[in-house]
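A.B. asks: Mind having a look at this structure? Questions to follow.
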Amino acid sequence: MTRRAAGLLSCTAAVALALMVVSLQVGGQQKAPAAPPAGSGPRPAAKAPAVTPYELAAMSYAQRFAVLCAPCHGANGRIETPLTPVLAGQPSLYVITQLFLFREGRRSNEAMTAVARTLTDDDLRGFSEFIGTLPPVTPPPPATPPDPIRMARGQALAEQHRCVFCHGAGLGGGQQVPCIGGQHEDYLQASLRGFHSGSRPGYTQAMTEAVSQIPPEDLDTLAYYVAQFRGPAAALTGK
Ligand code: HEC
Ligand code: HEC
């Protein structure tokens, strides 16, 4: 019976890291062949923000997300705090690679590194699977309409540099490639500059190679375009 679950999971486990982490869950939940554990512990989970590690361990990952992650990322995975990425709509395989990079200190951010350091392999998998179920959240309408000249320039750059080749025509990503359409502009700008300067190493070299030849002002135009982008595919697939 665990074989069947393992088979299902292995479809998405093309990335070596995911393979490593996924196998732990299948072994751990031996009593539940089909239903996901709604509350894996016997005790009712506390709803109060301050919880003991013991109480936390008894919670589902949805509940843990509400306690540990939602204060910064928003209950539905989208919040308008500066430099805080939208998680709603991200594929679980992408999320697990990034949590892994934070935990290992290869991707660095004061806030996220502190959180990721506390996560076990089970946690990486549990949080990424939960985030993978969050439906995409429609961004709030822009304060001012997008500048059509900058949007056209951004679109041309995205085609020229093959962003759509990997992130998809709807910029919705998939598997280990993130959804970027509608992501916050300041965060996109910081990410693209980070890949460009090498301060953000990727899980693979894909992004470093994609942006290494692009001048900073074009990276900013790309961030502007991608943040304002509203594609049907981004809204529909999200993963
Ligand atoms: C104190 C605030 C804070 C908390 C708490 C927090 N995060 Fe984050 N998270 C951030 C910030 C800020 C970033 C952006 C880091 C960067 O720019 O590199 C981030 C980035 C991420 C990313 C990468 C997103 C991407 O698009 O690459 C993931 C995944 C993530 N967080 C998941 C989580 C999970 C899961 C939790 C709860 C266990 C959590 N975060 C708790 C602030 C927080
Ligand atoms: C060869 C495939 C490929 C191409 C081409 C590519 N990307 Fe990516 N992109 C990725 C992958 C894979 C990641 C995940 C990064 C990692 O490996 O950690 C990513 C990550 C990103 C991120 C970080 C998102 C986040 O949530 O932190 C941004 C922003 C981004 N890409 C934008 C772009 C733009 C803009 C272009 C065009 C200039 C582009 N990408 C071209 C594959 C690609």
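The values are calculated or read from the model by the stated rules, or taken from the named source; none is laboratory data. Just so it is clear, the structure is predicted and the values come from calculations on it, not from any experiment. Cβ placement follows ideal geometry from the backbone for every residue including glycine, while neighbour counts extend to all protein chains displayed.
A.B. asks: Examine the stretch 93-103 for a residue that is under 21 Å from residue 194 (Cβ atoms) and away from ligand 2 (no atom under 12 Å from the Cβ), and state whether such a residue exists.
C.D. replies: yes
A quick yes/no check of all residues on (1) crowded, with 21+ Cβ neighbours inside 10 Å; (2) closer than 26 Å to residue 67 by Cβ; (3) within 11 Å of ligand 2 (Cβ to nearest atom):
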site: 109; (1), (2), (3): no, yes, yes
site: 139; (1), (2), (3): no, yes, no
site: 160; (1), (2), (3): no, no, yes
site: 164; (1), (2), (3): no, no, yes
site: 167; (1), (2), (3): yes, no, yes
site: 193; (1), (2), (3): no, no, yes
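A.B. asks: Residue 143 is checked against (1) farther than 12 Å from residue 91 by Cα; (2) within 12 Å of ligand 1 (Cβ to nearest atom); (3) not assigned by TED's automatic domain parsing to the domain that holds residue 108 and fails just one. What number does that condition carry?
C.D. replies: Unmet condition: (2).
A.B. asks: Here is a further query. Suppose the filter is part of a loop (DSSP other than H, G, I, E, B), not β-branched (Val, Ile, Thr) and not assigned by TED's automatic domain parsing to the domain that holds residue 102; does residue 179 pass it? Let's see the steps before the verdict.
C.D. replies: Values: part of a loop (DSSP other than H, G, I, E, B): yes; not β-branched (Val, Ile, Thr): yes; not assigned by TED's automatic domain parsing to the domain that holds residue 102: yes.
Yes.
A.B. asks: Would you be able to tell me the number of residues in the stretch 71-104 that are aliphatic (A, V, I, L, M), buried (at least 18 other Cβ atoms within 10 Å of the Cβ) and part of a loop (DSSP other than H, G, I, E, B)?
C.D. replies: Narrowing the stretch 71-104 to residues aliphatic (A, V, I, L, M): 75, 79, 83, 86-88, 93, 95-96, 99, 101.
Right, trim to buried (at least 18 other Cβ atoms within 10 Å of the Cβ) and you get 79, 86-88, 93, 95-96, 99, 101.
Next cut, part of a loop (DSSP other than H, G, I, E, B) only: 79, 86-88.
Adding up the residues that qualify gives 4.
A.B. asks: Take the stretch 45-96 and flag every residue that is hydroxyl-bearing (Ser, Thr, Tyr) and more than 22 Å from residue 113 (Cβ to Cβ). First the steps, then the outcome.
C.D. replies: Taking the stretch 45-96 as the starting set, the residues that turn out to be hydroxyl-bearing (Ser, Thr, Tyr) are 52, 54, 60-61, 81, 84, 92, 94.
52, 54, 60 - these are the residues of the stretch 45-96 that are hydroxyl-bearing (Ser, Thr, Tyr) and more than 22 Å from residue 113 (Cβ to Cβ).
A.B. asks: Next question, about the same structure. So, in the stretch 198-229, exactly how many residues are in a helix (DSSP H, G or I), touching a residue at least 24 places away in the same chain (Cβ under 8 Å) and not aliphatic (A, V, I, L, M)?
C.D. replies: Result for the stretch 198-229: 6.
A.B. asks: Now, a different point. Looking at the structure I just gave you, is residue 231 crowded, with 17+ Cβ neighbours inside 10 Å, more than 10 Å from ligand 2 (Cβ to nearest atom), small (Gly, Ala, Ser) and not assigned by TED's automatic domain parsing to the domain that holds residue 99?
C.D. replies: Numbers: crowded, with 17+ Cβ neighbours inside 10 Å: no; more than 10 Å from ligand 2 (Cβ to nearest atom): yes; small (Gly, Ala, Ser): yes; not assigned by TED's automatic domain parsing to the domain that holds residue 99: yes.
Taking the combined requirement at face value, the residue does not satisfy it.
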